[in-house]
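These notes are about the structure you will find just below.
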Amino acid sequence: MKRSRFPLVVCVLGMIFFYFPILVLVINSFNASRFSTVWEGFSLKWYDELFADPTIWAALRNTMLIAVSATLVSMVLGTLAAFALHRYRSRLQDAHYTLVYTPLVMPDILMGIGLLLFFSALRIPLDRGTIFIAHVTFCVSYVAMVVLARLQDFDFSLIEAAQDLGANTWTILWRVLLPLLAPGILAGGLLAFSLSVDDFVITFFVSGPGSTTLPIKIYSMIKYGKPPVINALSTLILCATFLLIWTSYRLREKQT
Amino acid sequence: MSSTTLPGNNLARLNRRRRLQEWLVTLPSFIWLLAFFLVPTLIVLAITFKPVEPPYGNIGPGWTLATLHSLANPNYPAIIWRTVWVSLIATILCMLIAIPFGYYMARAPQSRKSLLVILVMLPFWTSFLIRIFAWKILLHPEGYLHKFLRLLGLIQEGDLLLYNTGAVLLVLVYTYLPFAILPVYAAAEKFDFALCEAAQDLGCNRLSAFVRIFLPGIQRALVTAALVVFIPALGSYVIPDIVGGNASEMIGNKIAQRIFVDRNLPHASGLAALLALSTVIPMLFILAIQRQQARAPAPRRNRSTP
C-alpha cells in the first residue's frame, strides 16, 4: 500500500529544526569574529578566554558536588518510595503516591518560590546546602517513577522463593532485590543527575552569593557576557553530554 | 500470600510486622517530600492571604484578601490570559508536528528506529539554557536567520525577530517538542497498523483512516503529549525572559519580578498559587482516574505510555 510522504518530510524538517541551531553554535565557537555571521577564520581564542576564567571552574565544581550528592540521596529515597508504592496498597500509599507524583507536574518556578519562602521563614542561609535539598526534592519523584516502572515487571515470587529457601530480609535485599532492580535504579540516577546538572529555575531561587552553579553562570553570561565565550562553553558541554549519551546507548546495545 | 495458611495470632503478628515494614520504607521519601515540597507549597498558598509590609515588600502580620483583589487589576488578567494562549498555541504546534513525526518513527524500518529515538532524545538531554541561547544567537539582528530572511526580502533591516511573542512561541516549541514526540511514538509503535489497512480496504481513504482509526487508537498518548507540553509551558520563565520582551511576559516572569525586582512577596505568592491551581488540579484529576483504573482487578496491567 502506498504511503504518504508527508510524515517523512515532517521528520526530516524536524531534525533540521532540532540540530541547526546547535550546529551554528558549535561552528561559531571556532569563529575568530565576535559577530556570528562573519567568518574571520578558525580560532581557539574564545576557548582560551573561557579557560582563563576561574569563576567557571568554581561553578563547575559546585554543580558536580551538588549533582553527585543529590543523585545519590534521591536514588535511595526514590527507590524506597517506588518499593513502598508498588508493594503496598493502603490510604498511606495513596497519599504517598500523590506526594511523589505532584512535584513532576508542578511548574519549576513554584517549587523555587516555595522553597525560597520556606528557607527564609526558617532563616536558613542560602548556599550549596539549600540547592542540594531543592535538587533532591525534585529528583526523588523522577527516580521513583523510573524504578516503579521497573518494579512493574518484577517477579515477586523470586522473593518468596528466597524466603522459602531460608534467606533473611537483608540477604533478600542485597542478593535478590537490589541486583535485579539495579538497571532501573541506575537509569533513575542518570536522569536525576542530568536534571540536577541542568536545573536553572529552582536553583536560581535557592542559591546564595557563593553557590553559583554552571547553569546560573551560563544564564548571567547570556544576560551580560560575550556570546562567543558562551558558544565555547556550550560546545564543551554539548560534547560531554553527547559522549555520555552515546556511551550509555552503546552499553545498553551490548547488553541486549 | 503464604500468610493466610498461618494460625490466627501469628497472622495478627505478621500483619503488624507488614504494617511496620510499610511505614519504614515509606517514611524517608514521605517525610522528605512533606517537609520540602508540601510545606513550602502550603506556605506559598498561605502568604497569598498575608498583607504587604511597605518598605521592603515583606510579609506583614494578620490576614487579608488584598492580594486576591489586586490580582483583578488590569495588569494581571492580561498576563494570565497571554500565558494561557501562548501555552495553548505552543501545545497545538507541538502536537501538529509530533503526530506525523511520531507516526513516521513508528513506521520506519527497525534499524532506523533506535537511531531516530536517540536523535529525538539528544536535544532533551542537552542543556536547556544552551538551546535557548542558540536561538537567541540565530534570531539576533546579526544572526544567520535574520540575514537569510533579509535576503529573501521577508523582513527589513530594522525588524526584530527577538524579544517578541513569536520568538517565545518558537523556542517553546523547540524546547518541548521532544516531550510530545516520544509518547506519540511509544503509542504508535504498539499500534496495529493493519487496522488502518483494513479500513482502507473497506473504502476509507488514507487520511480518514489516519484520523478515524489511528488517532483514536493512540488517544491516551495524545493527552499525555499535550499535557507534557502545556503544563511546563504555563510555568515557563526562562524562555520569555531570554527571548521575549515586555509585551511577551508570562506569569513566571511576573512572579520572579515580584520577588527579585519590585519586592512584593504576597503578590508573588498569589500569582504562584494561581499557577499551582491551574496546573495541579487538572493533573490530580487525571491521576485519580489513572489510580482508579490501576485499582481495577486486573492482575497485570500494561501501560501504553510511560
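The values are calculated or read from the model by the stated rules, or taken from the named source; none is laboratory data. This structure is a prediction, so every number in the text was calculated from the model and none was measured. Note: ideal-geometry Cβ built from the backbone for every residue, glycine included; neighbour counts use all protein chains shown.
So is B:Phe179 touching a residue at least 40 places away in the same chain (Cβ under 8 Å), under 20 Å from A:Lys223 (Cα atoms) and in the same structural domain as B:Val243 (by TED's automatic domain parsing) or not?
no
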Worksheet entry | segment B:168-222, subset surrounded by 21 or more Cβ atoms within 10 Å (Cβ to Cβ) and of a type in the set (Ser, Thr, Tyr), residue nearest to A:Phe18 (Cα to Cα) | B:Thr175
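Listed residues A:Ala192, A:Ala232; which is within 30 Å of B:Glu142 (Cα to Cα), more than 9 Å from chain B (Cβ to nearest Cβ), touching a Ser or Thr at 6+ places or on another chain (Cβ under 6 Å) and surrounded by 14 or more Cβ atoms within 10 Å (Cβ to Cβ)? Give the steps one after another, and end with the answer.
Values: A:Ala192 fails: within 30 Å of B:Glu142 (Cα to Cα).
Sole residue among the options that is within 30 Å of B:Glu142 (Cα to Cα), more than 9 Å from chain B (Cβ to nearest Cβ), touching a Ser or Thr at 6+ places or on another chain (Cβ under 6 Å) and surrounded by 14 or more Cβ atoms within 10 Å (Cβ to Cβ): A:Ala232.
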Practice prompt. Report, ordered by the first and then the second residue, all pairs with beta carbons closer than 7 Å, sequence separation of six or more or different chains, a first member in segment A:71-94 that is more than 8 Å from chain B (Cβ to nearest Cβ) and closer than 17 Å to A:Leu186 by Cβ, and a second member that is buried (at least 19 other Cβ atoms within 10 Å of the Cβ) and among the aromatic types (Phe, Trp, Tyr).
Written response: A:Thr71/A:Phe193
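If a residue counts only when it is modelled with pLDDT of 90 or more and in contact with a Phe, Trp or Tyr (Cβ under 7 Å, 6 or more places away or on another chain), which helices (runs of 4 or more DSSP H) contained entirely in segment B:161-273 have at least 1 such residues?
Once the helices (runs of 4 or more DSSP H) in segment B:161-273 are filtered for at least 1 residues that are modelled with pLDDT of 90 or more and in contact with a Phe, Trp or Tyr (Cβ under 7 Å, 6 or more places away or on another chain), what remains is B:165-190, B:219-234, B:238-243, B:251-256.
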Practice prompt. Considering every residue within segment A:167-178, establish whether at least one is under 21 Å from the mean Cα position of the chain (by Cα) and assigned by TED's automatic domain parsing to the domain that holds A:Val76.
Written response: no
Discussion item. Which numbered condition in (1) surrounded by 18 or more Cβ atoms within 10 Å (Cβ to Cβ); (2) of a type outside the set (Asp, Glu); (3) touching a residue at least 60 places away in the same chain (Cβ under 8 Å); (4) over 19 Å from A:Ala81 (Cα atoms) is the only one that A:Gly210 fails?
Written reply: (1)
Discussion item. For the condition acidic (Asp, Glu), surrounded by fewer than 16 Cβ atoms within 10 Å (Cβ to Cβ) and facing chain A (nearest Cβ under 7 Å), what is the one hit in B:Glu157, B:Glu142?
Written reply: B:Glu142
Fill in: helices (runs of 4 or more DSSP H) contained in segment A:96-176 and holding at least 3 residues of a type in the set (A, V, I, L, M) and more than 9 Å from every other protein chain (Cβ to nearest Cβ)
A:128-151, A:157-164
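One line per residue, one yes/no per condition, for (1) within 12 Å of chain A (Cβ to nearest Cβ); (2) without any contact (Cβ under 8 Å) to a residue 24 or more places away in the chain:
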{"residue": "B:Gln200", "(1), (2)": "yes, yes"}
{"residue": "B:Asn205", "(1), (2)": "yes, yes"}
{"residue": "B:Val211", "(1), (2)": "no, yes"}
{"residue": "B:Ala225", "(1), (2)": "no, no"}
{"residue": "B:Val229", "(1), (2)": "no, no"}
{"residue": "B:Gly235", "(1), (2)": "yes, no"}
{"residue": "B:Ile251", "(1), (2)": "yes, no"}
{"residue": "B:Asp262", "(1), (2)": "no, no"}
Worksheet item: Right, A:Leu104: in the same structural domain as A:Leu186 (by TED's automatic domain parsing) and touching a Gly at 6+ places or on another chain (Cβ under 8 Å) or not?
Response: no
